[in-house]
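S.K.: Here it is, the structure, as structure tokens.
The values are calculated or read from the model by the stated rules, or taken from the named source; none is laboratory data. Every value quoted in this text rests on a predicted model; they were computed, and no experiment measured them. For neighbour counting, all protein chains shown are included, and Cβ atoms are generated from backbone atoms with ideal geometry for every residue, glycine included.
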């Protein structure tokens, strides 16, 4: 592991940064609360000059209690799918920050294993800035990695602790900006613009793109989330995603009909720098042997499954069946072709499969939630009596 100044290790330096950030956060909260209280007292004094001190204190306490209950009730009044996606994004960003703190991320091996691979598939007009990024990272790998850790952790913490207020919306904005940067430079646009890659099975179009899409959806007015047509549109979008995954497997130039393509992709996961549990590599080895020996059969089954799930999203399929089939297929994809995303010491996110699962759970609401929102495709009727 690299060290700074010959005496401070990256983890010691990171602990100092985290401690300083924690103290700064506490100081900021105290300043905010103090300023808020002073402003509140000024307003109270101007509007209630004839009230006694005791009455003012009681009113102040009641106002605070009312505000607290209002914030809590307004959050609980938001649709359940909205809350599922919000908390899901918070947890995923926190996990991304934790994964970024793996030991090998503080070395130049991160550049050779992640950034250079993204550069090889980068679109031409971004290669100059991509090289500048790699040069900066190679000169200061520890500092650069700690900056990435802090950004991702702060986004996750703000989303977890601040719901539907300016801090939460700021975190969503940061999620969009940082997500686009990571998607472009860290993932090479998820290899979307290259041939010889599977769509879902190899992690295309990139997990971070789902972070960006989720953040944009969470910034939409809550009235849209209360409209049943919104969920119908999202189900169609998920059907399109599965349909694209199937079509991607069919196109010959993507190599899914060639045993060599499967072998190269799956072997690269098994040969990751850090050791992995034996049951994980055994499952990948088993699937790799099957794909090499029966490549046409394996690819045909994959195409059929993807099309089947796409059709299910377009039909009034029971939620238990829809979520069950989708999550089972996604789990096998996550294990056999994505190596659970986070294993091997160089994973920076959970990969695509869990994100598709999160979207499926969020945008395929239960019967109880559907009744709350109204029938799909029909406006909610309110009884005004």
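S.K.: Could you check, for the stretch 133-148, whether at least one of its residues is outside any helix (DSSP H, G or I) and at pLDDT 85 or above?
M.R.: Among the residues of the stretch 133-148, at least one is outside any helix (DSSP H, G or I) and at pLDDT 85 or above, which makes the answer yes.
S.K.: So residue 347 ticks every box in (1) outside any loop (DSSP other than H, G, I, E, B); (2) in contact (Cβ under 8 Å) with a residue 24 or more places away in the chain but one. Which box is left unticked?
M.R.: Residue 347 satisfies every listed condition except (1).
S.K.: Scan the stretch 86-104 and tell me whether some residue there is within 15 Å of residue 211 (Cα to Cα), modelled with pLDDT of 90 or more and surrounded by fewer than 17 Cβ atoms within 10 Å (Cβ to Cβ).
M.R.: Yes; the residues of the stretch 86-104 include at least one that is within 15 Å of residue 211 (Cα to Cα), modelled with pLDDT of 90 or more and surrounded by fewer than 17 Cβ atoms within 10 Å (Cβ to Cβ).
S.K.: Given the conditions (1) at pLDDT 85 or above; (2) within 22 Å of residue 190 (Cα to Cα); (3) touching a helix residue (DSSP H, G or I) at 6+ places or on another chain (Cβ under 7 Å); (4) surrounded by fewer than 19 Cβ atoms within 10 Å (Cβ to Cβ), and given that residue 121 satisfies all but one, which numbered condition is not satisfied?
M.R.: (1)
S.K.: Here's something else I'd like to know. Considering only residues that are within 23 Å of residue 192 (Cβ to Cβ) and surrounded by fewer than 19 Cβ atoms within 10 Å (Cβ to Cβ), which ones fall in the stretch 213-233?
M.R.: Of everything in the stretch 213-233, those that are within 23 Å of residue 192 (Cβ to Cβ) and surrounded by fewer than 19 Cβ atoms within 10 Å (Cβ to Cβ) turn out to be 213, 216, 233.
S.K.: Residue under question is residue 322, and the condition is that it be touching a residue at least 12 places away in the same chain (Cβ under 8 Å), crowded, with 18+ Cβ neighbours inside 10 Å and within 24 Å of the chain's Cα centre (by Cα); does it hold?
M.R.: The answer is yes for residue 322.
S.K.: Now, a different point. From 279, 334, grab the single residue that is assigned to a helix (DSSP H, G or I), out of contact with any strand residue (DSSP E or B) (no Cβ under 8 Å at 6 or more places or on another chain), at pLDDT below 95 and within 21 Å of residue 213 (Cα to Cα).
M.R.: Exactly one of 279, 334 is assigned to a helix (DSSP H, G or I), out of contact with any strand residue (DSSP E or B) (no Cβ under 8 Å at 6 or more places or on another chain), at pLDDT below 95 and within 21 Å of residue 213 (Cα to Cα), namely 334.
S.K.: Let me ask you something else. Is there a residue in the stretch 150-168 that is under 22 Å from residue 209 (Cβ atoms) and exposed (fewer than 14 other Cβ atoms within 10 Å of the Cβ)?
M.R.: No, the stretch 150-168 contains no residue that is under 22 Å from residue 209 (Cβ atoms) and exposed (fewer than 14 other Cβ atoms within 10 Å of the Cβ).
S.K.: Could you check, for the stretch 299-312, whether at least one of its residues is outside any helix (DSSP H, G or I), surrounded by 14 or more Cβ atoms within 10 Å (Cβ to Cβ) and over 25 Å from the mean Cα position of the chain (by Cα)?
M.R.: No, every residue in the stretch 299-312 fails to be outside any helix (DSSP H, G or I), surrounded by 14 or more Cβ atoms within 10 Å (Cβ to Cβ) and over 25 Å from the mean Cα position of the chain (by Cα).
S.K.: Quick test for you: out of 314, 321, pick the one residue that is within 11 Å of residue 242 (Cβ to Cβ) and modelled with pLDDT under 95.
M.R.: Criteria check complete, one pass: 314.
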